[in-house]
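Worksheet for the structure shown next.
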């Protein structure tokens, strides 16, 4: 069984961030294309819970409790022994389980997971952000002030 070292913990965090923030449909499509899905057993969940969302007044003030958000989580162990964890906002337990399996696979074969799943998700997110920026820019109104008189 392979353990996660702290040297690549930042890379694992970035992968989990990309998986959690991906639309469920895009993640499911990429997962469906994965040819040799590993057998896995559920260690925990999938289950739904709540987390407290905290905010800060003005971005730097004293923290306060803003409200609660639903979160789905799952932990799985794949046949080769790696344990993966998946968390995502919302009530999508299937997405949390897929994230957990992909996390375990990433620990075994990071290059393949990044090439076949994570990079396409990052490209999709970049394209979606650019499309949103373009749509917003198309509605931009430039205001100007006309000077009246000789002031």
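The table for this structure:
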item: Which listed residue, of 79, 69, 57, is over 20 Å from the mean Cα position of the chain (by Cα) and without any contact (Cβ under 8 Å) to a residue 24 or more places away in the chain; result: 57
item: Qualifying residue in segment 49-59 (condition: touching a helix residue (DSSP H, G or I) at 6+ places or on another chain (Cβ under 7 Å) and closer than 17 Å to residue 92 by Cα); result: no
item: Residue in segment 116-127 that is modelled with pLDDT of 80 or more, within 15 Å of the chain's Cα centre (by Cα), over 23 Å from residue 44 (Cα atoms) and loosely packed, with under 12 Cβ neighbours inside 10 Å present; result: yes
item: Count of segment 62-86 residues which are out of contact with any strand residue (DSSP E or B) (no Cβ under 6 Å at 6 or more places or on another chain), loosely packed, with under 11 Cβ neighbours inside 10 Å and under 28 Å from residue 27 (Cα atoms); result: 1
item: Enumeration of residues in segment 73-91 that are under 14 Å from residue 22 (Cα atoms) and in contact with a helix residue (DSSP H, G or I) (Cβ under 7 Å, 6 or more places away or on another chain); result: 86, 87, 88
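To keep it simple, each residue is scored yes or no on (1) in contact with a strand residue (DSSP E or B) (Cβ under 7 Å, 6 or more places away or on another chain); (2) surrounded by fewer than 17 Cβ atoms within 10 Å (Cβ to Cβ).
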position	(1), (2)
32	no, yes
35	no, yes
42	yes, yes
48	yes, yes
60	no, yes
88	yes, no
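The values are calculated or read from the model by the stated rules, or taken from the named source; none is laboratory data. Everything numeric here is computed off the predicted structure, so don't read it as measured data. Please note: Cβ atoms are built from the backbone with ideal geometry, for glycine as well, and neighbour counts cover all protein chains shown.
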